[in-house]
Amino acid sequence: MTSVDEGGIQLDRTVFYPMGGGQPGDAGVLRLSDGREVLIRDTRWDRDTGAHLHIPTEGADLPTVGDTVIAEIDWPRRHRLMRMHTAMHLLCSLIPEGVTGGAVGAEKSRLDFNLPGQTLDKEWLEENLNRLVSEDHVVSESWITDEELAAQPELVRTMSVKPPTGAGRVRLVQVAGVDLQPCGGTHVRSTSEIGRLRIAKIENKGKHNRRVNLVLEE
Ligand SMILES: [Zn+2]
């Protein structure tokens, strides 16, 4: 435990993923050696200070600086987020247009595409998403430099959010044979782990935006 205040708790290392790139932060619990538990409802990364903050639930009995804790994420929730997030990469591969927005959730997720004047075939999309899931493509990561990324602008699919460059290197996430793009989120190891997907609905959000809403069947 390196700092504690109303804004959140900082640890010297953690397994909690902070909110970012459209994916919510982890929830979970910090266990103290005296048996106390501090429930964490969210994790955020403060862009200005670089602080990785574990946000406790309201009224939590806060630990003190120097305490040792065991940090345990809400794994069932996180696993759903990983499955959902990886499914977004599959969706991206099937709609090769700019991504204008999106949000990953444990219950449902959405991705917006820039598709002026076009409609999407819901059945075709759902069928092909599930085909990619059942084909069990391996998900892996690699790193490239900011310069290498700048030389390959086609790798960046998001139109509004740019990948965080400036640290000198950027993480690329590859779904073998399916998708390759910079991403800082959490993913499953291969696509069969996602399980069956369903497209809840496709909405028109303005003239150019088509919003695809996705849910996990299991
Ligand atoms: Zn990703």
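Annotations for the structure displayed:
- Within the stretch 174-195, the residues that satisfy the criterion of being in contact with a His (Cβ under 8 Å, 6 or more places away or on another chain) and either at positive phi or in a strand (DSSP E or B) (or both) are V175, G177, D179, Q181, S190.
- Conditions (1) under 30 Å from P182 (Cα atoms); (2) touching a residue at least 60 places away in the same chain (Cβ under 8 Å); (3) assigned to a loop (DSSP other than H, G, I, E, B): number failed by D26: (2)
- Residue in the stretch 141-160 that is within 24 Å of G206 (Cβ to Cβ) and aromatic (F, W, Y) present: no
- Scanning the stretch 173-208 for residues that are within 10 Å of the ligand (Cβ to nearest atom) and either touching a helix residue (DSSP H, G or I) at 6+ places or on another chain (Cβ under 8 Å) or hydroxyl-bearing (S, T, Y) (or both) returns V173, V175, D179, Q181, P182, C183, G185, T186, H187.
- Candidates L125, L111, L132 - the one that is surrounded by 14 or more Cβ atoms within 10 Å (Cβ to Cβ) and either within 23 Å of T43 (Cα to Cα) or acidic (D, E) (or both): L111
- Some residue of the stretch 78-99 being outside the structural domain of A27 (by TED's automatic domain parsing), farther than 18 Å from V133 by Cβ and touching a Cys at 6+ places or on another chain (Cβ under 8 Å): yes
- Qualifying residues in the stretch 62-76 (those that are of a type in the set (A, V, I, L, M, F, W, C) and free of Cβ contacts under 8 Å to residues at least 60 places away in the same chain) - the one farthest from the ligand (Cβ to nearest atom): L62
- Close pairs from the stretch 166-195: first over 15 Å from V156 (Cβ atoms) and outside the structural domain of P24 (by TED's automatic domain parsing), partner of a type in the set (D, E) and part of a strand (DSSP E or B), Cβ under 9 Å, at least 6 apart: H187/E141
- Matching option when the condition is in contact with a Lys or Arg (Cβ under 8 Å, 6 or more places away or on another chain), at positive phi and not hydrophobic (A, V, I, L, M, F, W, C), among G98, G59, G8: G8
- Per the conditions (1) at pLDDT 95 or above; (2) within 15 Å of the chain's Cα centre (by Cα), the sole criterion not satisfied by S190 is (2).
- Flag for I144 being away from the ligand (no atom under 16 Å from the Cβ) and surrounded by 15 or more Cβ atoms within 10 Å (Cβ to Cβ): no
- Residue in the stretch 24-40 that is surrounded by fewer than 17 Cβ atoms within 10 Å (Cβ to Cβ), closer than 30 Å to A200 by Cβ and at pLDDT 95 or above present: no
- Of the strands (runs of 3 or more DSSP E) that lie entirely inside the stretch 59-168, those containing 2 or more residues that are at pLDDT 95 or above and of a type in the set (V, I, T) span 69-73.
- Where a residue in the stretch 77-99 is without any contact (Cβ under 8 Å) to a residue 24 or more places away in the chain and its partner, wherever it lies, is acidic (D, E) and within 15 Å of the ligand (Cβ to nearest atom), with Cβ under 7 Å and at least six apart: none
- Of R210, R171, R198, all but one fail to be assigned to a strand (DSSP E or B), more than 17 Å from L91 (Cα to Cα) and among the charged types (D, E, K, R); the exception is R171.
The values are calculated or read from the model by the stated rules, or taken from the named source; none is laboratory data. Please read these numbers as outputs of a predicted model, since none were measured by experiment. Please note: Cβ atoms are built from the backbone with ideal geometry, for glycine as well, and neighbour counts cover all protein chains shown.
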